[in-house]
1. If I filter segment 120-145 down to residues being loosely packed, with under 12 Cβ neighbours inside 10 Å and without any contact (Cβ under 8 Å) to a residue 24 or more places away in the chain, which single residue comes out as farthest from the chain's Cα centre (by Cα)?
2. Looking at residue 59 and the list (1) modelled with pLDDT of 90 or more; (2) of a type in the set (Gly, Ala, Ser); (3) surrounded by 15 or more Cβ atoms within 10 Å (Cβ to Cβ), which single condition is not satisfied?
3. Select from segment 41-61 the residues that are of a type in the set (Asp, Glu) and touching a residue at least 60 places away in the same chain (Cβ under 8 Å) and list them in ascending order.
Amino acid sequence: MHARRSEGKTAAGLVALLAILVAAGGGNYVRNLKAEAAAETGRPFLKYDRDDLESLRAAYEAEAADTKARYARAQARRQQAGGAVMMDEAVADFERVRKQSDALRELNTQVAEREARIREIDKELAARNAIGQGWEAHLRRLTRF
């Protein structure tokens, strides 16, 4: 009789331990899921599929390379003002150089914008790799403290 009581206590202890582990894991899962949801507010590419993100990144890289090449060509053609003798020639020189400088600044801005988008896409891909996918994501949410 004593052996049955001992087995019952052991089984009850294991059931209680299992219930505590399930409750702790569930609470941990919910806490990590909420933390991930809160972190998603600053992710502009969250709704995109991974393949679409990689295609978009490749397109931005190609466009950035093209814009950099246009910038380099425009900078090579850049002219200086200062050879004019008459006031109207000096004004025309100034306007020409100003237009070239504005165009160079615009190209440089476009390059910076493309590179910023590439960094944002890389950040999104890194966040997805950190979270994981499928069962790996669920297991990570369950076990990460």
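The values are calculated or read from the model by the stated rules, or taken from the named source; none is laboratory data. These numbers were taken from a predicted model, which means no experiment stands behind them. Cβ sites come from the backbone with ideal geometry, for glycine too, and all protein chains shown count toward neighbours.
1. Selected residue: 135.
2. Exception for residue 59: condition (3).
3. Of the residues in segment 41-61, the ones of a type in the set (Asp, Glu) are 49, 51-52, 54, 61.
Selection gives 54 alone.
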